[in-house]
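Only one structure is covered here, and it is reproduced in the block below.
The values are calculated or read from the model by the stated rules, or taken from the named source; none is laboratory data. Predicted model, so just to flag it, every value in this text is computed and none were measured. All Cβ positions, glycine included, derive from the backbone under ideal geometry; neighbour counts span all protein chains shown.
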């Protein structure tokens, strides 16, 4: 029985156990991890572009706002929307570097909200892992292996126990447990030999994918059923680590001759006014931060109505545009860039909170009115 205490046997036993875990994890991933996610669609479509000169990066604020087709038609650009759900500054940096390296883009438009600057954003490990895995599927094997190594040894991820999710994606990214047909469909997709984009075209959830990374929703906000605003949901305080990475993004763009334009994407006036004057103060601080680093910053929640004024039904929820709203915003944004010099643009934004709220009163825009008895947000006309 001494054989069971010998080191070679123990090593083989441990090695066998590890191999078994790997096989079980692979099997679980094959059955449970979806063949196609929104990030998969974005990366696969990005790789098949012939040329690009402009990319939009950021979280769902970016993805829902910038329609590349409309903007390209007005500006004559060739652009792509690289926005993904809950994209952190780390992933935005990855996107920018990849776009510069692959297509030599000269303009980066970073779509943001206050959420993108706080500490909570940078801690979203699940979003980071999902983004990475989707990106790696679109890479060659050597590139994918290098990406995996960079992620698991990175300073932020290595120190976070949630980084183990990288090796078990089916734990957080899985098909619907309550839909037996989903398992069969998932397996069929994986065995079909079809590309991610071919499969996405067959799935209901991607029927609003318009191409060039632009995926929209067709919902319309119900102002009587808003449960939270950005002020309720997010930390809303610039995080030193996140801001250091924002500085890194600015520096990378400067060093590579890339124009960086940071845009606060449109939210409802209900969301903006829930902050009170704090909104304008924080927006001005961000403007100064980026100006000091050679980037342009424009808050389209504070732009004057002569340039852009969203309609009540332009929103899918309190902070995301729907397709109608995105069309209106993209048109206004492109005309804003085409029709005004950088010096002229500064005068097109409200810089006084009273003047901003007065402009809302003239149109009767819905604004924040506190909380109702059932805890929902009260939306009242600014009049």
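If you go through the range 207-231 and pick out every residue that is out of contact with any strand residue (DSSP E or B) (no Cβ under 7 Å at 6 or more places or on another chain) and outside any loop (DSSP other than H, G, I, E, B), you end up with 4. On the stretch given as the range 124-148, residues that are in contact with a helix residue (DSSP H, G or I) (Cβ under 9 Å, 6 or more places away or on another chain) and surrounded by fewer than 18 Cβ atoms within 10 Å (Cβ to Cβ) total 8.
Picking from 9, 61, 17, 30, which residue would you name as being under 19 Å from residue 167 (Cβ atoms) and either in contact with a helix residue (DSSP H, G or I) (Cβ under 8 Å, 6 or more places away or on another chain) or at pLDDT 70 or above (or both)?
After applying the criteria, what remains is 30.
Exactly one residue among 239, 218, 232, 228 is more than 17 Å from the chain's Cα centre (by Cα), closer than 18 Å to residue 284 by Cα and in contact (Cβ under 8 Å) with a residue 24 or more places away in the chain, and that residue is 239. Screening 338, 383, 371 for residues that are surrounded by fewer than 20 Cβ atoms within 10 Å (Cβ to Cβ), touching a helix residue (DSSP H, G or I) at 6+ places or on another chain (Cβ under 7 Å) and outside the structural domain of residue 224 (by TED's automatic domain parsing) leaves exactly one candidate, 383.
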